[in-house]
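Working notes for the structure below.
The values are calculated or read from the model by the stated rules, or taken from the named source; none is laboratory data. Quick caveat: nothing in here was measured; it's all calculated off a predicted structure. SASA here: full protein model, heavy atoms, side chains in, ligands and nucleic acids out. Shrake-Rupley method; radii C 1.70, N 1.55, O 1.52, S 1.80 Å.
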Amino acid sequence: MDLIMLGGTVLTLDARDSRAEAIAVDDGRIVATGTSAEVAALANEGTKTVRLEGRTVVPGFIDPHNHFSLTAFEPVAVDCSMPPLDGKRGALDAIAAAAAGAEAGRWIWGIGYSSRRGREPAELMRRELDAAAPENPVCVIDSSVHACYANSAALAIAGIAAATPDPHGGRILREADGSPAGMLWERAMNPVHQRSMAGLIEYYGEQAVADLVEQNALRHLAAGITSVGDANVMPEGAAMYRMADSRGQLPIAIHQMRAGDQFFAPPERAAAGEFTEDDVSDRLRGGTVKIFMDPVFPRSAGWKVHADGHREHLGAPYYTQEEADRLALAAASRGLQVAIHCLGTWAIEQGLDALERAIREYPSAAVTHRIEHFSQPTREQIARASALGVIVCHQPPFFYQGGDRAAVTLAELGIDAPPAPMRMLLDEGVAVAASSDFPCAPLEPLKGLFSIVSRRTRDGVEQVAPEEAISATEGLRLYSLGGARAMSRDHEVGTLEAGKRADMVVLSHDPGAVAAEDIREITVQQTYVDGQRLFERLPAVHQARAATGRPPPSAEPRAATAP
Ligand SMILES: [Zn+2]
C-alpha cells in the first residue's frame, strides 16, 4: 500500500454519500475506505501515513469550464484587474510600466480589465494605449474575455484599419472618422487575440511556455483542482498543452474543448473531426467541440417575457438555428461531444433545439452533450434540459460575483427562474456540473460552493433566492462527479471509490459541518493527483514542529517581562 490517510472524515460522494474515517491508495488508485483501524491494517512496510487529525478528504475538484490557456500567461501579463486597480488610469500606468521595461516590438498582454467596472467604467482607447506603450503592440483582454483593447501597433499587425468592416458577430468601436477607437467586441477581437497569443508563444519559446502551463497547474492545485476543462482551445492553446505534456510538465488533466482557429470563429475544423488526435495522452484529453451561441457585447441573446406572454427578442445570437444545427450535427455525427455556450434565454432555446436534433439524429450512449452557463433559463427550458439529458455546466462564481444584480435583471426580463437556480435544476433532474470560467469569475471552488449553499454573494448581506439553496454535499458533487461527467471521465474520477484514480483534496473542515456562511473560510490543505501529493499548505508552526520536533519559539508562551 502506497498511502493511507487516517483519522479524518472521508466524503466519498458515492451514490449513497458514504462517509469513512480513512482511505487507502495504491499505485495511484483508491483501494479502500473505512474506519481508521480497518485502513491501518492494510499498511505494510513503505506505506506512507497521513494523519488527518479531523480534517476532511473529498474528491479532487473538477473545473470543466475554465480558460486555462489564457491564464497561463498571467505571470508575464499586466494585471489590470479592478480591484486592486480602481480604473482606467491605474491600468494605463501599469501598461506603461511594463512597456518601459520591454524590448520594442514585444507583445504586451493585459488581463483583468473591465470597461464595465471600476470607479468610472470606461474603455481603454487606442490613443491612450499608444501613449502608454509607443514601441509595443498591446492587447488588453476584457475580464469577460468577450472583447479586447488594442493600440495602433496591435491593430496594424492584426490588419484592422478604418476600412475594415465589422465582422458578423463583432464590432470595431470607432472614432468619428471611422478609424478604430481601440475596443474590439467579440469576433472583431479574433485577429488581435490570435496574433498576440502566437506572438507570446514565439517570444517565450517552448520551454518557458511549458513552465507557464505547469505553474498555472500548480495554482489550480492550490485551489484543490485536479482536472480542468479548457472551454476554448485554439490551435495555439493546443500547442501549449503539447509543449507541457511532452515535457512531463502537465500535473493535472486538461480536457480540451476545441474551438475555431480564432477565439470566436466557428469551430468548423473541430466539428469536421480534425482534432480527434486531441486524445494525445493520459493527461491531455479531447473529443469536445465548443460553440458560442451568443455574445456578451453588446448583450446576450435574450427574451423579455411580457405580461401577456409575448416574447420580445433582445440582442442577437452568433448563429441562426440552421447554422448552429449544422455545426452540432457535424460534430455529433463523428461521436464528438457538443458544448454550447448559451447565456441569454434566446440562445438557450437555440442551444437546446440544436442539441435535441443532434441527439435525435445521432443518439449515443457514450457522449452527453453540454450547455455552458445556462444563465437565464426559463422553468420550461430547465425541464427541457432534463428531458434531453444534457449536462448544464454552470458557474456558481458568477453568482458569487453578482447574483444580486442578476436577480434584478431576470425579474426585469420576466424570466420565471432566479439566478443559479440550483434547487430547481436538481429537483427537475438536470445533470449539473459546477465550474469557474476563470478568469471571468473567481477560480476557487470553495467560493462557488459557499455561494450556492449559503445563497450569498461575495459582499451580499442578504440572501438571493434562498429557496434555491442546496446542501454542501450536493454542491460538492457538482464540483466533482458533475464535472467528471461533463468531461466523460466519471469512470475514473469524481468520487472516492475503490478502483478510481486517487485525485483527492484535504480540506481544513467538512463543508457540511460548518455554517454555510463559513464555507469560504475553509482552506485547501493538500491536493493529490493519482495518489501523489502535489500541493501542501502547512502553517509555519507545523513546518517548524516537523523539522525540529518541537514548537517554534513564536508558538511558545511568552516569558513575562518587567515593564
Ligand atoms: Zn468561458
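Taking 0.36 nm per residue of sequence separation and removing the Cα-Cα distance, the THR47/GLU323 pair yields an extension gain of 93.7 nm. Each residue of the stretch 84-98 was assigned a 3J(HN,Hα) from its phi angle through the Karplus expression (A = 6.51, B = -1.76, C = 1.60, θ = phi - 60°), giving x, 5, 9, x, 4, 4, x, 5, 5, 4, 5, 5, 4, 5, 5 Hz with x at Gly and Pro. As a fraction of the 1.4 Å probe accessible area of the chain, surface on carbon and sulfur atoms comes out at 51 percent. Shown for the chain: lysine pairs separated by 8 or more places, or found on different chains, whose C-alpha atoms are under 29 Å apart, numbering 6.
So what is the accessible area of the stretch 68-195 per residue, in Å², with the probe set to 1.4 Å?
39 Å²
Note on TRP107: accessible area is roughly 20 Å² with a 1.4 Å probe, heavy atoms of protein only. Backbone amide hydrogens, once placed in the peptide plane, bring GLY110 within less than 5 Å of VAL78, CYS139, VAL140, ILE141, excluding anything fewer than 5 places away on its chain.
Where only DSSP H runs of four or more residues are counted, the chain gives -9500 deg cm²/dmol as its mean residue ellipticity at 222 nm, each run worth -39500 (n - 2.57). Take every pair of alpha-carbon atoms less than 8 Å apart whose residues are at least six positions apart; their mean separation over the length of the chain yields a relative contact order of 15 percent.
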